[in-house]
Amino acid sequence: TLLAMLLTGALQDYTGAAPSTLADYLRLLPTGWPFAASLLAILLAHEFGHYIAARRSGTAVTLPYFLPLPGSPFGTLGAFIQLKAPPTNRRVLLDIGIAGPLAGFVVAVPVLLYGLITSAPLHSIPAGQTSGFEGNSILYVLMKYAVFGRLLPEPASTGGLPALLFMLRFYLFGIFTPAGGRDVFLNQVAWAGWAGLLVTGLNLIPAGQLDGGHALYVLFGARARRLLPFILIVLLGLGFFWQGWLLWAALIYFLGRTHAEPLDQITELDTPRRLLAIAALIVFVLVITPVPLT
């Protein structure tokens, strides 16, 4: 996984003739360390958030497994841990479930902020460009605005649409008129930070065995299942704009119709944990990206 991530980071900033031999790729690997270090820090925080919360509650758990995916935008499919026993009650289930995404989120935000600052200045978008845009969450839009003082990407022309409507169309559906303009071109660290927010949002989808599903279940119990059809409809609709959502819809349909039910269904959440569960769902709204890649 580390080698795949080093290669992804190296190619992110690489300019020149396309590598053609194994030696070419090996020479590039060391230059990918900013991306690999940044994204591994986020993923490690996420997984060890789960791990430490499980160990503190006395729940048997494996160490994290990292999954390589060479040639992908991130070099990895992420990581996972496996509980060896069901959680004892809702409090334990919540602690284990949200410790991961919240820990990863705490690391991803400063990584992304530093990456955006060091990615300055803004650059011109090549006229006619129709690919290469990363998706936008509410938090990502706000962070770019905080650093650069404008909504990005900034089009050269809105094609007669009001500017706000043009940007909302892009943020929600990934539709951007290829008419030039300006944007921030992400460096390795910024790309890793953006990936960290994306991973956090995907894990916090409030369905089934996902971390967001745990938060929803501890708040509403069996009633949480009623939300599943609406989530699937939204994902299928977004699948028209990014086909990856169709895969997520299938995974959630076949694997996400059951929740991780604790052994003790009687113990209620205390107020701090209830607020944490709500906070996790708010983070989901802030970081979920309707169209991750265009």
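Legend: residues 13, 211, 24, sorted from most to least accessible area (1.4 Å probe; ligands, DNA and RNA excluded), read 13, 24, 211. Taking every Cα-Cα distance in the chain and sorting them into 10 Å bins from zero, the calculated P(r) comes out as 6, 25, 33, 23, 10, 2, 0 percent.
When the alpha-carbon atoms of the stretch 95-165 are used, the pair Rg, Dmax equals 15.5, 50 angstrom. Coupling constants for the stretch 5-16 follow from the phi torsions by the Karplus curve (6.51 cos²θ - 1.76 cosθ + 1.60, θ = phi - 60°), and in residue order they are 6, 4, 5, 4, x, 4, 6, 4, 9, 6, 10, x Hz; glycine and proline get x. Here the chain exposes an accessible surface that is 69 percent carbon and sulfur, computed with a 1.4 Å probe and the other protein chains kept in place. Could you list the trypsin sites (Lys or Arg not before Pro) in the stretch 141-202 that lie in coil according to DSSP, counting only those with at most 15 other Cβ atoms within 10 Å of their Cβ? Sites meeting the loop and neighbour criteria: 150.
With a 1.4 Å probe and all protein chains left in place, how much accessible area per residue does the stretch 191-230 have, in Å²?
About 32 Å² of surface per residue is accessible.
Rolling a 1.4 Å probe over the heavy atoms of the protein chains gives the stretch 97-166 an accessible area of 46 Å² per residue.
Distance between the C-alpha centres of the stretch 69-90 and the stretch 131-197: 29 Å, rounded to the whole angstrom. Between 23, 277, 53, the Gaussian network model of the chain with springs among Cα atoms under 10 angstrom shows the greatest mean-square fluctuation at 23. Compared with the dominant principal axis of the Cα atoms in the chain, helix 90-119 is inclined by about 10°. When you filter the chymotrypsin sites (Phe, Trp or Tyr not before Pro) in the stretch 1-83 for DSSP loop state and at most 14 other Cβ atoms inside 10 Å of their Cβ, you are left with 14. Taking packing as the residue-averaged number of other Cβ atoms within 10 angstrom, the listed peptides 234-242, 200-208 run from highest to lowest as 200-208, 234-242.
Our estimate of slack between residue 255 and residue 57, defined as 0.36 nm per intervening residue step minus the Cα-Cα distance, is 68.7 nm. The GNM of the chain, with springs linking C-alpha atoms under 10 angstrom apart, assigns the highest mean-square fluctuation among 50, 214, 123 to 123. The angle separating the long axis of helix 228-238 from the principal Cα axis of greatest extent in the chain is about 10 degrees.
The values are calculated or read from the model by the stated rules, or taken from the named source; none is laboratory data. The structure presented is a predicted model; accordingly, all values stated were derived computationally and were not measured. Neighbour counts run over all protein chains shown; Cβ positions are idealised from the backbone, glycine included. Heavy atoms of the whole protein, side chains included, go into the accessibility calculation; ligands, DNA and RNA do not. Shrake-Rupley method; radii C 1.70, N 1.55, O 1.52, S 1.80 Å.
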